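Comments concern the structure below.
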Ligand SMILES: *Cc1c(COP(=O)(O)O)cnc(C)c1O
């Protein structure tokens, strides 16, 4: 791919998020990459193409975004989809009936749902293990295991998996290692550098960053896998539109400053929550007592800005959700606005009660996506909401 003329091997990610792949439009010099709102492209003549034929196959704005994501994740090929679920669904279509995939037991509820309620019907098999325990993954391997799919930190319990170690296990057994990197983004964690084969994202979250656009990404390194995924993407057409691609390019420009602020706020909030009399447990990878703290230090440059916490009673949950004002009671995460969700009834409603209880996703658990507001205002809001 043709990249920005200033890039060298030493260019930092804070610079790359701002400048993207090509960065500007070489025809006009426009520094905001143009929105090519065209479904189709004129051919100069028979057997001639500008490189663009039809926007389901390729579109210049989407291509700039796809290449930007490939650069940020340090992969070779990027693919932009209309949502995170469309991206995950397309990756699953790279597998065949009868194959088995080992999956994190604590994960986004929609991912669990598409595995269990859609792809099981097409003959794929899934089993769920605690992927913060690499030996548990090894034990789960079967003759037909074709892939391992993890989130780290997991949603909502924030368990951290050792990406390098799992990559070794997956490679030794000739299976594909897929990491959902939505929570940390390539600004903090680059699984492909640690040995993963495929990275998926909900671009709706930190990458978009403003709670205004649905998007999904896949980034990978292997040419054969890229050709297969390209075939799936152009055949199905669950692609990101030119305008939404531009919104994502714009969102990504501020990824580093947003995440810096969000993580700073999150660390302060996690410490404050820990000391509150009505809070029983705090799950945040940035707390030194968290089981995944040391692995996080080793494989990531940040702890993210997602915190889950358990309050004293289910009654208090209802009060908190009714009283909260600065923090908004809404699903989703990763945007500039702080959001609070009730995983049991929202993001994880599709996960069976037995699994939820084992994980700790109970009727007292709340999940906080920390935004960029002043942290004192966030604390004051939680303070008044958490009064018994
Ligand atoms: C939101 C989310 C998804 C799904 O992405 P959509 O853009 O909502 O389709 C997948 N994985 C994780 C970790 C998520 O948070």
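The values are calculated or read from the model by the stated rules, or taken from the named source; none is laboratory data. Predicted, not measured: the structure shown is a model, and the values here were computed from it. Virtual Cβ from ideal backbone geometry, glycine too; neighbours counted across all protein chains shown.
The residues of region 145-174 that are part of a loop (DSSP other than H, G, I, E, B), away from the ligand (no atom under 13 Å from the Cβ) and out of contact with any helix residue (DSSP H, G or I) (no Cβ under 9 Å at 6 or more places or on another chain) amount to a single one, 174. Of the strands (runs of 3 or more DSSP E) lying entirely inside region 185-296, those containing at least 1 residues that are touching a residue at least 12 places away in the same chain (Cβ under 8 Å) and farther than 26 Å from residue 88 by Cβ are 279-283. So is residue 374 more than 16 Å from the ligand (Cβ to nearest atom), under 13 Å from residue 156 (Cα atoms), surrounded by fewer than 20 Cβ atoms within 10 Å (Cβ to Cβ) and more than 21 Å from the chain's Cα centre (by Cα) or not? Spelling it out, it is not the case that residue 374 is more than 16 Å from the ligand (Cβ to nearest atom), under 13 Å from residue 156 (Cα atoms), surrounded by fewer than 20 Cβ atoms within 10 Å (Cβ to Cβ) and more than 21 Å from the chain's Cα centre (by Cα).
Give the residues of region 107-126 that are away from the ligand (no atom under 13 Å from the Cβ), crowded, with 19+ Cβ neighbours inside 10 Å and assigned to a helix (DSSP H, G or I), sorted by residue number. If the condition is that a residue be away from the ligand (no atom under 13 Å from the Cβ), crowded, with 19+ Cβ neighbours inside 10 Å and assigned to a helix (DSSP H, G or I), then 119 is the only one that fits.
Does residue 215 count as in contact with a strand residue (DSSP E or B) (Cβ under 9 Å, 6 or more places away or on another chain) and more than 16 Å from the ligand (Cβ to nearest atom)? Judged against the criteria, residue 215 is not a match. Answer yes if at least one residue in region 352-369 is farther than 16 Å from residue 278 by Cβ, touching a helix residue (DSSP H, G or I) at 6+ places or on another chain (Cβ under 6 Å) and not assigned by TED's automatic domain parsing to the domain that holds residue 203, and no otherwise. No: region 352-369 contains no residue that is farther than 16 Å from residue 278 by Cβ, touching a helix residue (DSSP H, G or I) at 6+ places or on another chain (Cβ under 6 Å) and not assigned by TED's automatic domain parsing to the domain that holds residue 203. Restricting 129, 103 to residues that are buried (at least 16 other Cβ atoms within 10 Å of the Cβ), more than 14 Å from the ligand (Cβ to nearest atom), over 27 Å from residue 254 (Cβ atoms) and modelled with pLDDT of 95 or more narrows the list to 129. Among the residues of region 360-371, those that are crowded, with 19+ Cβ neighbours inside 10 Å and more than 19 Å from the chain's Cα centre (by Cα) comprise 361, 364, 365, 366. Filtered by the rule that a residue be over 20 Å from residue 153 (Cα atoms) and either in a helix (DSSP H, G or I) or in contact (Cβ under 8 Å) with a residue 24 or more places away in the chain (or both), region 337-363 gives 337, 353, 354, 363. Taking the condition surrounded by 15 or more Cβ atoms within 10 Å (Cβ to Cβ), within 28 Å of residue 259 (Cβ to Cβ) and under 24 Å from the mean Cα position of the chain (by Cα), does residue 320 pass? Judged against the criteria, residue 320 is not a match.
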